[in-house]
1. So what is the diffusion coefficient of region 468-522 in µm² per second by Stokes-Einstein at 4 °C and 1.567 mPa s, using a Kirkwood Rh over Cα pairs?
2. List, in the order given, every pair from Lys240/Lys314; Lys137/Lys741; Lys72/Lys240; Lys103/Lys134; Lys134/Lys741 whose Cα-Cα distance in the structure shown is over 26 Å.
3. Considering every pair of different Cα atoms, what Kirkwood radius, in Å, is found for region 211-334?
4. How large is the direction-averaged shadow of the alpha-carbon convex hull of region 445-551, in nm²?
5. Normalising by the residue count of the chain, find the relative contact order in percent from Cα pairs under 8 Å and 6+ residues apart.
6. Tell me, Kirkwood radius of region 505-633 from alpha-carbon pair distances, in Å?
7. Quick one, what does Rg over Rh come out to for region 382-520 if you take C-alpha atoms and the Kirkwood Rh?
8. Taking the Cβ of Arg607 as the center, what net charge do the other residues with Cβ under 15 Å away carry, scoring Lys and Arg +1 and Asp and Glu -1?
Amino acid sequence: MKSHAKVVVIGGGVVGASVLYHLTKAGWKDVLLIERAELTSGSTWHAAGGMHTVNGDPNVAKLQQYTIELYKEIEEISGQSCGVHITGGIMLASTQERLDWLKMAKARGRYLGMELEIISVDEAAELFPLMDKKHFKGAMYDPIEGHVDPYGVTHAYAKAAQIGGAEIVRRTRVTDLKQRADGSWDVITEGGNVRAEHVVNAAGLWAREVGRMVGIELPILAMEHQYLITGDMPELVGRKEQLHAIDFEGEIYLRQERGGMLMGTYERAGVPWSEVTTPWDFGQDLLANDLDRIAPSLETGFAHFPALEAAGIKKVVNGPFTFAPDGNPLIGPVKGLKNFWVACGVMAGFSQGGGVGLALSRWMVDGDPGADVWGMDVARYGDWTTLAYTNAKVRENYSRRFSIQFPNEELTAARPLRTTPIYDRLAAEHAVFGGYCGLEHPLWFAPSAAEAVDHVSFRRSNAHPHVGAECAAVRDAVGLLEISNYGKFEVTGPAAAEWLSRVMANRVPSVGRIALSPMLNDRGKLIGDFTLCRVAANHLFLIGTYAAENYYLRWFERHLPPSGVNVRPCAMEYVGLSIAGPNSRALLQSLVRDDLSTAAFPFMSFRRMEVGMVPAYVGRVSFTGGLGYELWVTTDYQRALYDLLWKAGLEFGIRPFGGRALNAMRLEKSFGTWAREYRPIYGPYEAGLGRFVDLKKDAFIGRSAAAEEKESGGALRLMGFRVDATDADALGDEPIWHDGKVVGWVTSGAFGHRVGASLALGYVPAAVAGAGAGFEIEIIGERHRATPLAGAAFDPGGALMRA
Ligand SMILES: Cc1cc2nc3c(=O)[nH]c(=O)nc-3n(C[C@H](O)[C@H](O)[C@H](O)COP(=O)(O)OP(=O)(O)OC[C@H]3O[C@@H](n4cnc5c(N)ncnc54)[C@H](O)[C@@H]3O)c2cc1C
């Protein structure tokens with residue numbers, strides 16, 4: 001084994017082999033993969049090899065499409081067959097909700113260029129004659145489903161990588177990792193040490209253990225997974241087309257395997273494997289079968305597909321594979337560890353492995369993944385993902401793999417975990433809570449305890465009128481909202497403002513003022529949107545998205561100078577309350593000595609005030625788009641502040657409101673938000689944030705790309721629409737049609753109660769954006785007229801905010 005390499009990839013499963021191949025393809029030849037045993041010795045060897053393009057996150061779906069298209073390329077380079085069988089497959093629906101879900105998945109597939117088709121039960125039965133039609137309501141056909149040979153795929157990647165210059169060392173375990181002062185790594189193995197510039201943790205079943213070598217606890221857990229293979233079936237004799245299906249309500253997937261069928265299940269009572277430590281001596285082993293555990297799925301399977309029962313079970317496979325809490329991979333560089341990369345938690349290696357390898361290799365070679373990989377970024381998790389939290393969430397995710405998650409459905413595992421001091425106060429007001437980053441936050445308020453439950457639906461739910469009443473209170477009187485669920489940072493030091501000016505696209509505000517600012521990457525794309533509050537010359541308070549805290553910190557740390565600036569995350573040290581509505585000023589004025597008149601404390605002001613006895617930062621700003629204030633206090637003061645505002649607010653018509661109402665109101669103002677309207681695939685001018693980019697100030701990251709985008713106008717345009725919807729609003733990811741063609745996609749949608757209309761924001765090509773008419777938005781399979789909005793639907797001139 002060589003003693004030096006630019007990159008050491010740890011792990012020769014399908015993911016490590018793909019990363020290795022993609023690194024050579026990107027031009028890095030001095031790359032070495034170290035495998036503990038033989039290639040495929042973790043989860044890979046016993047996988048069922050199924051693959052599909054459909055994924056809840058369109059950006060992950062694109063990478064799945066890429067993976068499937070890649071197999072031809074690696075077969076050609078390596079001469080190794082991947083055993084690809086593109087059979088096409090059907091997804092069966094037994095309920096109306098599932099059929100609606102399939103229609104939405106098909107609609108989403110439209111702007112990804114997928115040719116998905118909704119078919120009748122009879123058509124489905126022609127493609128999949130084993131089904132008993134009486135259990136089903138319809139299906140979706142995907143021509144690009146199929147399966148591969150896991151051994152073949154992994155070896156094809158590995159051989160193609162070797163042809164590209166990579167080396168592979170087998171039967172050698174990495175036992176430790178040590179970082180030197182210059183940032184390079186000593187990779188300590190059973191066969192000697194290798195000094196490497198970069199290390200990639202692609203250790204699959206052992207990725208947690210490799211993470212622990214560098215002091216991190218990755219949020220992944222392996223679950224046992226069983227599939228069985230039936231005896232030969234007369235029904236399959238002479239069939240040319242192979243059968244492939246998912247039966248959601250039965251919670252099973254099926255495909256032809258030679259003369260019989262392979263049937264796997266994500267059972268409700270899933271069992272984790274090696275909850276704390278994965279044994280190093282686990283090799284190409286299988287786990288003991290437990291058919292009792294999957295008995296309910298088998299029973300449904302045999303009822304839905306009667307011929308399976310008659311065929312009998314020939315073989316059962318029970319093997320472990322890893323999941324992150326949300327079921328998506330964990331990839332990227334790890335905050336705080338220079339040149340340490342992860343590519344793990346990949347639960348669908350044969351659909352996702354290629355995309356993971358591509359994105360990670362680009363990130364390593366070019367400094368940017370080249371695609372929107374937020375949904376897979378390791379930085380989307382923070383300190384709340386303890387071992388036990390991960391355990392609870394992974395179990396839940398596994399057991400719900402084939403369940404619908406409704407847009408208004410809040411999952412219950414690992415909750416409540418983190419609460420703010422006013423949690424019980426809000427609960428007493430009949431708050432319905434959501435979980436976000438492990439933290440409880442109010443979504444809406446019901447009139448009574450009995451009604452404080454969401455009826456899950458794709459359509460307007462029981463919460464609709466109550467959210468409407470909350471919006472009316474904000475429009476006509478004053479609403480009180482908990483805003484603790486934001487990320488917060490304190491940036492201090494003599495170079496704080498100068499540094500922020502380089503990292504942020506807008507100018508840094510003067511003392512006592514607030515500025516909104518996009519953060520851009522080198523390609524001029526949006527990687528954050530912040531509220532910058534200037535406390536003092538050398539002290540700024542930043543508010544951004546909490547889920548992206550590690551994502552931001554990783555970027556900040558990459559660009560921090562050696563001294564002069566200190567960035568401190570303080571999300572839960574400062575919790576917040578917002579009051580919004582025409583009476584909010586009078587309410588706050590009754591509690592502070594400061595003059596709150598617009599002349600003395602105008603829109604976008606920020607100041608330390610005493611609210612009663614509570615020291616608070618007060619900002620005159622509101623995401624509702626009307627008159628409003630945000631108050632930030634240290635956690636110990638939040639209860640007192642809440643009680644004070646509540647008591648004083650009674651005479652002003654105060655009413656609590658939650659995240660649903662806030663979402664509706666920000667859409668009325670066409671205000672975007674991170675991970676929806678603002679993502680690394682959009683530029684600031686495309687996103688309508690051009691007024692927050694200051695091209696006149698000194699150089700900042702992404703400036704030249706932003707200037708070019710301003711000049712060209714960008715390829716896309718974020719547009720607001722009023723939608724002629726009836727009982728279901730757009731949610732996000734619906735296609736936008738123009739003149740009978742799909743031209744774009746919705747990023748957010750909701751009913752705007754203050755304006756009495758269904759609203760949506762979405763991106764379309766700039767060339768189409770000017771067309772005043774001819775737009776439609778497809779909601780649950782039906783197209784609705786969508787009228788472009790010239791400005792915000794509510795208070796377009798912004799007079800209320802500034803009044
Ligand atoms: C029963 C079953 C059925 C499945 N069916 C499908 C399916 O139909 N479709 C699909 O897409 N996916 C399926 N999967 C999931 C699929 O197997 C995984 O997504 C995939 O194998 C993950 O690959 P990996 O490379 O991340 O991890 P692994 O396959 O676990 O590979 C990790 C490798 O790293 C090596 N390693 C670990 N630590 C070290 C160390 N310290 N030093 C050196 N080497 C080390 C290990 O020996 C191993 O070879 C299935 C899984 C199971 C168990």
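1. Working: Rh = 14.4 Å.
This corresponds to a translational diffusion coefficient of 90 µm²/s.
2. On the way: Lys240/Lys314 23 Å; Lys137/Lys741 28 Å; Lys72/Lys240 22 Å; Lys103/Lys134 20 Å; Lys134/Lys741 36 Å.
Going by Cα-Cα distance, Lys137/Lys741; Lys134/Lys741 fall outside the 26 Å limit.
3. Numbers: mean 1/r = 0.0607 Å⁻¹.
Roughly 16.5 Å, rounded to one decimal.
4. On the way: hull surface 40.9 nm².
Computing the convex hull of the Cα atoms and averaging its projections yields 10.2 nm².
5. On the way: 1879 pairs, mean separation 92.5, N = 803.
This gives 12 percent for the chain.
6. On the way: mean 1/r = 0.0629 Å⁻¹.
After inverting the pairwise mean of 1/r, the radius is 15.9 Å.
7. On the way: Rg = 19.6 Å, Rh = 18.5 Å.
On the Cα set of region 382-520, Rg over Rh gives 1.06.
8. Values: positive: Arg513, Arg534, Arg585, Arg593, Arg608, Arg620; negative: Asp594, Asp595, Glu610, Glu630.
Once all neighbours under 15 Å are counted, the net charge is +2.
Since every read-out is calculated from the coordinates, none of them should be taken as a lab result. These numbers come from a predicted model, not from an experiment. We place every Cβ from the backbone using ideal geometry, glycine too, and count neighbours over all the protein chains shown.
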